[in-house]
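Participant: Here it is: the structure, laid out below.
Bear in mind these aren't lab numbers, they're just calculated from the coordinates by the rules spelled out. Small disclaimer: the values here were computed from a predicted structure and weren't measured. Neighbour counts run over all protein chains shown; Cβ positions are idealised from the backbone, glycine included.
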Amino acid sequence: MGPLRSMGKLLRRFAASSRESISWFMYKPEVGDIIVGRVIEVAPKRWRVEINYSHDAVLMLSSMNLPDGIQAEVRGFQHDGLHLQARSQKYGKLGRGQLLTVPSYLVKRRKQHFHHLENYGIDLILGCNGFIWVGKRVEVTDDMVVDPKSGQDGFKADKNSFSPEDQEKNYTPQQTRESVCRTANAIRVLSTLGFNITVEVIMETVDLSSSINVAIHEMLGAEFCVLVAEKEAVRRSMTKKK
């Protein structure tokens, strides 16, 4: 079963493996889009980034945070492909969290795509390309900057080399980890149901699961999905009455 698409007064369902279905799910970049990507190739002067597009994007290096996943902005198309830019410290490295992939059409372009959920101590980034990041709140520091000549930073991966202070600084409390997992599962439920994904709907789903004491792993079950669908139906009904 593929997605439903409105065509005038008709609804057409594309086969899940059809070219039309694939193009419907694929991200269509626009200049200025806030996106989340996965670095798949590191070169001395540029990084190649997977962004849920038909071609990988290019991020040129001057100074940048070394990531597995990154947040950036679409700069535009050039002769060698789609280019990204990271113009301020709010862009860069993503760590200690989960990278989720949803159909890009479920994430609408809005003025704000960066969200700090203060009550939970986590960050939420809704990428226009359908990549969503949920992770521990991380403050950007100077020691995260990459040497533009090498494309690498001086950070040591061997955890045994950390001082006790470093280990404490990089520790993620269990409550924060649970908040990341609960928020991530809320997004998975909304994606499964095909609902538009906004910070408001995500938090409503998180709060619903907490209020009825649904365990994190049980959020992906059919029973909770039905509850979320019913709650959304009520919300839409009330919106129409207004």
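Participant: Quick check: net charge around A215, other residues with Cβ under 14 Å of its Cβ, Lys/Arg +1 and Asp/Glu -1?
Facilitator: Neighbour charge sum, excluding A215 itself: -2.
Participant: Less than 13 Å Cβ to Cβ from I197, Lys/Arg counted +1 and Asp/Glu -1: what total charge do the surrounding residues give?
Facilitator: Taking every other residue near I197 into account, the sum is +1.
Participant: Sticking with this structure for a sec: Structure shown: which of K108/K231; K136/K241; K111/K231 lie over 30 Å apart, alpha-carbon to alpha-carbon?
Facilitator: Check vs 30 Å cut-off fails for K136/K241.
Participant: Please arrange R109, R182 by how many other C-beta atoms lie within 10 Å of their C-beta, fewest to most.
Facilitator: R109, R182
Participant: Kindly state, to the nearest 0.05, the FRET efficiency for R110 paired with R48, given R0 = 22 Å and r defined as their beta-carbon distance.
Facilitator: Approximately 0.20, to the nearest 0.05.
Participant: In addition: Obtain the nm distance between the two label points defined at H55 and I212 by a simple spin-label model: each point lies 7 Å from its Cα along the Cα-to-C-beta direction.
Facilitator: 4.7 nm
Participant: Just want the ordering: F224, F77, from fewest to most Cβ atoms lying within 10 Å of their own Cβ.
Facilitator: F77, F224
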